[in-house]
Every structure is written in C-alpha cells, then in structure tokens.
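What follows is a set of notes on a single structure, which appears directly below.
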Number of protein chains: 2
Amino acid sequence: MPETIALLGGTGRSGPGLALRLALAGRRIHIGSRDPEKGRAAAAEIRDTLAGVAGAQPAEVTGHDNREAAELADIAMITVPYEGMGGLLRGVEPALRDKVVISTVVPMLWSRELGPTALDVPEGSAAEQAAELLPASRVVAGFHSLSSATLKRLDHPIDSHVIVTGDDDHAKQIAMEIAELLPGVRGVNGGALRYARHSEGLTVLLLSINSVYKRHTGVIITDLP
Amino acid sequence: MPETIALLGGTGRSGPGLALRLALAGRRIHIGSRDPEKGRAAAAEIRDTLAGVAGAQPAEVTGHDNREAAELADIAMITVPYEGMGGLLRGVEPALRDKVVISTVVPMLWSRELGPTALDVPEGSAAEQAAELLPASRVVAGFHSLSSATLKRLDHPIDSHVIVTGDDDHAKQIAMEIAELLPGVRGVNGGALRYARHSEGLTVLLLSINSVYKRHTGVIITDLP
C-alpha cells in the first residue's frame, strides 16, 4: 500500500477533501497546483483543520507545483477539472512513469441554467484520454461518485461506493485500497478502463439528482459478495 | 395510477420478469410481441407462475401483437432490445399518442469475449431516440438498472433504485409509482431526459461489475431525503 499520494490539481473542488480524509488515514499527501504558492496555502489549511481533530496524528501534508508533487509521490490522483487535464498531464508525464495514476476527472460543464452536462471525449472517457497521455503510467479511474462537499466535512459520513475501472489489476487493487481508507467507502471493481465513461457519466447523473433533491448523493452497488 | 400496462417487445429478457412483478402488484398486463402467438405463450407462462403463488389474486396477463398491446394499455414500457426499437416504435406510434411511454432500453451489445459494450446513439440515448420517434407520446426513461434475472425469480428480493429521467414531470411521477409497485424498489427522479444516457450507461457498468463478481447487482442512491 503506497504511503505517499500526490493530488495533482489538488486545490480545486475535490482535492482538499480527499487530502483531508487521506491524511487523516495516515497517508503523506503532496498537494500539487500550477501555482506552488496555492498548493502550499491549501496544504497549510488542511494541516490546520487536522490539528483541530481530536486524536488525529500530526499530518504530513505539503504543497508544491504539480511536477514536484508528482515526483515526490508513490501514486498520483488527477483532481483537476477536465479542461485542465491535458495541459497538466503533458507537463508531469515523465514524473509519473511506472506509477499508479488514478483519474478522478469527470468531463462535464456546469451552467446555472442547464445544470451539469457531460462533454464528449474523443477517447471515450477522461480516464482513457489520461491513459493515452501517460503511456508509461498505470492509469485507472475512480472516486468520481464521492461528493466533494461531503469529503470536506469530517462530521459528514461518506456513504458511497467507489467504482474503479482499469486494465492493470494490481493498480486497480491499490486504488480500491486507497478508496477504503475513507470511512464508509467500499471499493468496487468495475472492470476494464473502457467502462470508465459510465462511471464518469454516473457522476453527471448524481449531480442531476442532487439538483432535484438538494442533496449530496452517492451510490451503493447492491448484491455484491 | 394507470391500471393497464403494455410491455412492448415483452417476450425478451426483461419483459417477463416485469410482467410477473407488476401483475403480482395487481396491474393488468398486455404482453406485446412481433408474433402474437409468442406474446400469448409468454402470458400463459406468467399466469401459470402466478397461479402457484400463495395469496396472489388471479392475474390478468394477456398476449398480443405489439400494436394491439399498445392500443389496449394506458401506459407502455418498451422492453425490446435496442436493435429492434426503431422498427417497433414506427409500427405502434399512432397507438401510443398522448400515452406515457417508459423506455427501459439500454443501447448495448454483448459479446462473450468483450462483455457488454455501449452503443453510440445519435440522439444521445435510446430514450431520446424513442422520444423523437414518438413525438406525440410522453416518453420517460427508467428501469434500466433492474436485473432481469432477479425480476423473474419471485424468491429473490429486488434491492435497487429505479432512476427515472424525463421532461414531463407528471409522466415521470407515474413511472416512479410503477417502479415502486416492485417490492424493494424506490423511484428516484433523475432529472431531464437528456440524462437518460447516463442511466442507460450505468447498466453497462453494472453488467461489467456482474461479470467481475458473478452477481446480479443493482444500485442504491444514498443521501436522498
């Protein structure tokens, strides 16, 4: 189980909550940002939050530019919005060779009028695009269905499965183990990376359901062993 | 709540199980098939099954050609495979005008080697294609995530939500009420019909998960009110 996790584009919507929860589970976190100063500020904020948690061990959460975060970590999670993914990955590709890389990216737009809208991706999914941009990395997809609002609030239980897709079984196993560091989460093997599009699309559907019910929904797969 | 439901293409994978469960809930069912003789045979089989269920009321389940089933029913569910949907709907369009029509269709192929593969639909989803073919009907999408194997086996509890998408709120409400006739099912409002693609795609992902775990999975949306 890798101890050190980089969150690339980790100052956005989902990065800080994931950093908080994974640091609380004892993992060393490197928050990457285009602007290293922003990365450091986000890391300091997370350390402050964790310092206020009774019983939490001193957390090792540090901020960097994306390239440095990628170099320092055993494993990387892509937490940048889809629009920024291509540029980010071209810049960090050498630092991610042979590493497990988890794409959490959902290709979508949000408008106040229309709500969430999935974007067509030529490769089929953001994760498959990431795999093409990182041919020497072990790319899997997952964590799409976790509410960033819930992740950030430690008093809110996470009640969701994390469906992981990928073509490298060992990398998929690692991603499921990382998912299960989050309390209330079960990792579910969703099969090959070509199914990542449906896991990404499910998030768009959950966001639509959130709009209808004004909640932060998640998803549980039933009838698993 | 409409009393009479047509299952168009109802002799396939999901039709018989839905017919069984909805008849058990007291609804009158018309099973439609291209070949009326097949429709009648499927209906007879379901009546036989229901006759063996302790406490079940005499079920009204009859078989027809698709056109006749569509004419007789208050509401129709499209349960034909995607390949047959266009031909079916062109033939029954006049009989479905002003009626609520629920597309349960998942556009996909199955191969022994590759497993399930989603098909691209020019309209975005099978349900949106159905809506274009039935411009005078009230088309919604739902029931994709119910395992046809589980539906058929009355001793197997259904443990899944049914996410219904559509642009007609009243039609969507009716579809959710029909979903909740099935024990263990909750209907969930998934928003507009343009989100149907993600509900259809989720089924492909569930089938991939089924392949991995050798189960008949379903899906529960968490944090609903």
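Figures for the structure shown
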item: Number of positions in region A:182-195 that are closer than 17 Å to B:L114 by Cβ and either more than 9 Å from chain B (Cβ to nearest Cβ) or among the charged types (D, E, K, R) (or both); result: 2
item: Residues of region B:214-225 that turn out to be at the interface with another protein chain (Cβ under 7 Å from one of its Cβ atoms), open to solvent by 10 Å² or more (accessible area, probe 1.4 Å) and either in a loop (DSSP other than H, G, I, E, B) or closer than 23 Å to B:S111 by Cβ (or both), as a count; result: 5
item: Strands (runs of 3 or more DSSP E) within region A:1-86 that include 1 or more residues without any contact (Cβ under 8 Å) to a residue 40 or more places away in the chain; result: A:28-33, A:61-65
item: Failed criterion for A:H144 (all others in (1) within 17 Å of B:S199 (Cα to Cα); (2) facing chain B (nearest Cβ under 9 Å) hold); result: (2)
item: Of the criteria (1) out of contact with any Lys or Arg (no Cβ under 7 Å at 6 or more places or on another chain); (2) under 25 Å from A:T117 (Cα atoms); (3) within 11 Å of chain A (Cβ to nearest Cβ); (4) open to solvent by 10 Å² or more (accessible area, probe 1.4 Å), which one B:H161 fails; result: (1)
item: Region A:187-213, residues that are aliphatic (A, V, I, L, M), free of Cβ contacts under 8 Å to residues at least 60 places away in the same chain and in a helix (DSSP H, G or I); result: A:L202, A:L205, A:I209, A:V212
item: Pick from region B:92-114, criterion within 13 Å of another protein chain (Cβ to nearest Cβ) and either touching an Asp or Glu at 6+ places or on another chain (Cβ under 7 Å) or open to solvent by less than 10 Å² (accessible area, probe 1.4 Å) (or both), ranking: farthest from B:E200 (Cα to Cα); result: B:P107
item: Test result for A:A126, of a type outside the set (D, E), surrounded by 24 or more Cβ atoms within 10 Å (Cβ to Cβ) and within 12 Å of another protein chain (Cβ to nearest Cβ); result: no
item: Among the candidates B:D155, B:D167, residue that is touching a helix residue (DSSP H, G or I) at 6+ places or on another chain (Cβ under 6 Å), open to solvent by 20 Å² or more (accessible area, probe 1.4 Å) and either at pLDDT 95 or above or within 29 Å of A:P225 (Cβ to Cβ) (or both); result: B:D167
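The values are calculated or read from the model by the stated rules, or taken from the named source; none is laboratory data. These numbers come from a predicted model, not from an experiment. Methodologically, a virtual Cβ is constructed for each residue, glycine included, from the backbone with ideal geometry; neighbour enumeration extends over all protein chains shown. Protein only, heavy atoms only, side chains kept; ligands, DNA and RNA dropped before computing areas. Shrake-Rupley method; radii C 1.70, N 1.55, O 1.52, S 1.80 Å.
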